[in-house]
Amino acid sequence: MIGILILTTLGFISGITIMLISNDSSNINIEKIEKMLPGYNCNACGFGSCKGMANNAIKDKTLLKKCRPLSKEKYQEIIKEFFYEK
Amino acid sequence: MSDLIKIIIVSIFAQNIILSKNLGLCPLVGSTNSRKNALGIGICVLIVNLISSILIYFIYKYLLVNTNTTYLKTIITILLIATLVQIIEIIMKKRFNSIYKSLGIYLPLTTTNCAVMGTVLLNISNNYNFIQMIVFTISSSIGFMLVLYIFSSIIEKVNKNVPSCFKGYPVAFIIAGITSMIFMNFSI
C-alpha cells in the first residue's frame, strides 16, 4: 500500500515538472525564426506582424504557409532549420 | 582520501563501465561516426548520471529505507532517469538547437543506457556515503567518455582500410573486444 503511494506521488511530481518546463515561453528560436521571415509586417497571415507569426509558428509549423511573401525555398529552409526531427 | 583515489582509479581503468562491466554498449557502437558526437554523448551521460545519482541517494536513504520499500528502487530509478532526460531534451531544444540536432537520437537513448542505471544501482549496492557516491559517479562517467573517444578515433582510422564486408558494425565489435582485452591489463 505504501509502495503504491510512493510510486504514484513520484510519478505525479515528475509529470508536473515536465509540464511546467515545457510551458516555459522563453524560446530563443522565436527570434531566430522572426529573422528568417520576410519582415514586411504586412498582416497577410492574420497575426499582425512577423513576430506574431513567429510566436504561432513555434507551436504549429503549418501556419508558416499563410505568409504570402515567404518563398518556397525560404519555407523549406525554416522547416529544415527548426522543425527537423529525426 | 585514499579510498577516494582508489575509487577514481578503479572506476576509470580497472573496472571501466563499458569495457569491464559491459554496460552502455549501444552508444559505444553508435558513436562510430564522429568524435564530436562521442564527446556530446559522454557529457549527456555525465549530467544525467550525476543528477539522478544524487536524487536517488536521497530518496533511497530517507524514503525507501524508512518505509521498508527498498524493492521499489529499480522502477523509481527508471522513472527519474526518464524524467530527467525529457527535461534535458526540452531545455536543449529551446536553447541549444544546433547541439540538439547533432546529437540526434542519442540523447533520448540515454534513458535506456545501462551505464546510467548501472552506476545508480551500484552506488546503492556498494553502500557509498555522499562524497564517495559523487566521486564514483563522476569518474565512471569520465571513464565512459574516455572509452567512447578512444573508440571513435580508432574506428575512424580503421574504417578506411578494412574489406567492405567488415565496415561499420563488424569491425566496431572486433575493436571493442580488443580494447577490452587491453584494459584488462589494468586489473591484474
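The values are calculated or read from the model by the stated rules, or taken from the named source; none is laboratory data. Please read these numbers as outputs of a predicted model, since none were measured by experiment. Backbone-built Cβ (ideal geometry, glycine too); neighbour counts: all protein chains shown. Calculation scope for accessible area: heavy atoms of the full protein, side chains included, ligands and nucleic acids excluded. Shrake-Rupley method; radii C 1.70, N 1.55, O 1.52, S 1.80 Å.
Some notes on this structure:
- List B:122, B:107, ordered by accessible area with a 1.4 Å probe, largest first: B:122, B:107
- A Förster radius of 35 Å combined with the Cβ-Cβ distance from residue B:43 to residue B:74 puts the calculated FRET efficiency at roughly 0.85.
- Normalised by 2.2 N^0.38 Å, with N the number of residues, the alpha-carbon radius of gyration of chain A equals 1.56.
- Dividing the C-alpha radius of gyration of the protein assembly as shown by 2.2 N^0.38 Å, with N its residue count, gives 1.24.
- Taking 7 Å steps out from each Cα toward its Cβ at residue B:101 and residue A:74 produces label points 1.8 nm apart.
- Subset of B:101/B:157; A:51/B:94; A:72/B:93; A:61/B:93; A:80/B:93 violating a 20 Å alpha-carbon distance limit: B:101/B:157; A:72/B:93
- Mean shadow area of the range B:2-187 over all directions, Cα convex hull, nm²: 11.5
- Within straight-line cross-link reach of residue B:160, lysines at Cα separation under 20 Å, skipping those fewer than 8 residues along the same chain: B:36
- The base-10 log of I(q)/I(0) for the range B:148-188, evaluated at q = 0.21, 0.26 Å⁻¹, reads -0.65, -0.87 [Debye formula, identical scatterers on Cα atoms, solvent excluded].
- Helical content alone sets the calculated 222 nm signal of the protein assembly as shown at -21000 deg cm²/dmol, taking -39,500 (n - 2.57) per DSSP H segment of four or more residues and averaging over every residue.
- Computed over chain A: relative contact order in percent, which uses C-alpha pairs under 8 Å that are six or more apart: 22
- Principal axis extents of the Cα atoms in the range A:37-82, from largest to smallest and rounded to whole angstrom, are 25, 21, 13.
- In sequence order, calculated HN-Hα J values of the range A:30-40 (Karplus, 6.51, -1.76, 1.60; Hz; x Gly/Pro): 5, 5, 5, 5, 4, 5, 7, 6, x, x, 7
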